[in-house]
Amino acid sequence: MQREDMVIGLAGAPEESDFSSRKLKVAAAIIVGTLFGSTVLPMMALGLLLLPMTGEFGWSRTSFSLGMSAMMLGGSLSAPVLGTLVDRLGVRPMIIGGTVLVGLMTMVLSLQTGALWQFLAGFALLGAIGSTAIGYAKVLGSLFNKHRGKALAIFGVESSLAGALAVPIIQWLLVNHGWRGVFVGMGAIILATIPLLLRWLQEPDAPAVVPGIAAVEVPGVPLAEALRSRQFWFITLAGFLAIIPAIGLLPHMIPYMLSRGVDMNSAVGMVALMSVAMAVGTLAGGWCLDHFDTAKVAAPFSFLSTLALFGLLFLSGGSVGVAILAASTALMGFAGGAKRPMGTFFQLRFFGLRDFGGITGVQAPFLALGMGIAPPVVGYCYDRLGSYEPALLVMVGMMAVTIVLYLALGPYRYGRDLAALPRSAG
């Protein structure tokens, strides 16, 4: 390792910089792997493939939309098992093996004959295999010490930009090679990331050794112990309650604004404003994680989310209503973005690295459930009651509960270097 890649740690001993050439190479492998070597491309392709595939096979749009549900279901079922295997067998074999299988399965989807079960089974398998990507979060979380929060935030913004890169690629494949060519091309792109992963992707960094203490294993809470802790269930419940408003409102946001007298141009502009605010919030959340050594840092952002959801109840087409709308959407995007890096950060600081994959894998089905049920429940509310307001009121209450959950988490069990001795969880 080059001398310029070393810095002086708190104990006076040299330690590797967060911006060393080695770490930057590993980070580059994670970026390429998550953008082009995972299920992101097939997932992004669904929106562009709806018309050509339903037109050729005569499927309804509802039936085609079940492809996303099948992918989420497959991922939620496999995540606990594959997350544990990531911990036991290692990140590299699981991610690289998963990437090979995802690439091949994506190509296989080009052979569909029109049977809906083939389409749904294929996307369910993609979701199941794609859970090996849990390993990326484990590597990323261990890679940075002083700037872990900001690093997780930057990667959160990067995932938001995936569509900007993926959609033009998919569109080009569709125009030039048809929908079957889209699956073949995406599979080839996924497989093309493997050489880079083989060269630059590494196992999670071993935490720094505390002077005078022998490092016999990677510090961390065993999976069984984590599942008995209130911190695990508070973090999981907070994530479940927060994901429902975030995902549930997504397909209904513009219809709701139109129903309250907001014109289409303003409604579309507000959605764009929310996206920008989310990116800014993600970076702000990462900064806060690195500068405030407490999980309570999430509570103020949950308060802002609660305030934003409450503000949506007062929309109208007038200038005051539009001003409230702008403030609410900006707050919602900012606060929601700020909490994006916090889940992984909290898992590391409360439970360490040892069983990170297994712990994250057990949590995944709860988040997938929230994402899966939220949009249809909001739609059902409107269909039965003729209004979105009852759903919004429930969401305000749910988000308020997350404030209490974050305040009750107590102090972290592991230090910033993930090597500190376990402390009382409070």
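Name the most mobile residue of Gly239, Gly318, Gly127, meaning the one with the largest mean-square fluctuation, in a Gaussian network model of the chain with Cα contacts below 10 Å.
Its mean-square fluctuation being the largest, the pick is Gly318.
Full extension from Lys146 to Arg61: what is 0.36 nm times the residue separation minus their Cα-Cα distance, to one decimal in nm?
25.8 nm
Share of the chain's accessible area from carbon and sulfur, percent, 1.4 Å?
Values: 13310 of 18430 Å².
C and S atoms contribute 72 percent here.
Report the longest stretch of the chain that contains none of the trypsin sites (Lys or Arg not before Pro) sitting in a DSSP loop with at most 14 other Cβ atoms within 10 Å.
Counting at most 14 other Cβ atoms within 10 Å as exposed, the longest clean stretch of the chain is 1-227.
Grab the Cα-Cα distance for Trp233 and Ile31, subtract it from 0.36 nm times how many residues apart they are, and report the gain in nm with one decimal.
69.7 nm
Could you pull out every residue, at least 5 positions away or on a different chain, whose amide H is within less than 5 Å of the one on Gly352? Hs are placed 1.01 Å off N in the peptide plane, and Pro or chain starts have none.
Placed amide hydrogens put Val221 under 5 Å from Gly352.
Give the residues of segment 298-337 whose amide nitrogen is closer than 18 Å to a point set 7 Å from the Cα of Ile373 in the direction of its Cβ.
Answer for this model: none.
Could you count how many Lys pairs in the chain have their Cα atoms under 15 Å apart, skipping same-chain pairs fewer than 8 positions apart?
Lysine pairs meeting both conditions in the chain amount to 5.
Per residue, how many Å² of accessible area does segment 227-373 show with a 1.4 Å probe?
So segment 227-373 comes to 38 Å² accessible per residue, rounded to a whole number.
For the chain, modelled as a Gaussian network with Cα springs under 10 Å, which listed residue fluctuates most, Thr402, Thr84, Thr62?
Residue with maximal mean-square fluctuation among Thr402, Thr84, Thr62: Thr62.
Quick one: go through segment 352-391 and flag any residue whose amide nitrogen is under 20 Å from the point 7 Å out along the Cα-to-Cβ line of Asp293.
Once the point is set 7 Å along Cα→Cβ of Asp293, 352-353 turn out to lie under 20 Å by backbone N, inside segment 352-391.
Using helices alone, I'd like the mean residue ellipticity at 222 nm for the chain: each DSSP H run of four-plus residues gives -39500 (n - 2.57), total over residue count, nearest 500.
Estimated from H runs of four or more residues: -24500 deg cm²/dmol.
Along its three principal axes, how long is segment 61-183 when you only count alpha carbons? Whole Å, largest extent first please.
51, 31, 25
The values are calculated or read from the model by the stated rules, or taken from the named source; none is laboratory data. Predicted model only: the values in this text are computed from it and were never measured. Using ideal geometry, Cβ is built from the backbone for each residue, glycine included, and neighbour counts are taken over all protein chains shown. We work out accessible area using only protein heavy atoms, side chains counted, and drop any ligands, DNA or RNA first. Shrake-Rupley method; radii C 1.70, N 1.55, O 1.52, S 1.80 Å.
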